[in-house]
């Protein structure tokens, strides 16, 4: 886990709190905390998903038979 991962998670938390404040300007501290946690966890999950997808694409590019594509016979 690098510093960029943490920055992404913090940005997700801040974005979630800002979105909550736009929807409900009178939101309480507990509601804002829940939004921050959800944004933090959501950003971490999205980063993991993106990393997993990029790994799968890279593996498929390295091994054309693993992708299940039919071989072309020339």
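The values are calculated or read from the model by the stated rules, or taken from the named source; none is laboratory data. Just so it is clear, the model here is predicted, and its values are computed rather than measured. When we count neighbours, we look across all protein chains shown, and the Cβ atoms used for this are built from the backbone with ideal geometry, even at glycine.
A few comments on the model shown:
- Being in a helix (DSSP H, G or I) and modelled with pLDDT under 90 is a description that does not apply to residue 18.
- Pick from the range 53-74, criterion modelled with pLDDT of 65 or more and in contact with a helix residue (DSSP H, G or I) (Cβ under 7 Å, 6 or more places away or on another chain), ranking: surrounded by the fewest Cβ atoms within 10 Å (Cβ to Cβ): 59
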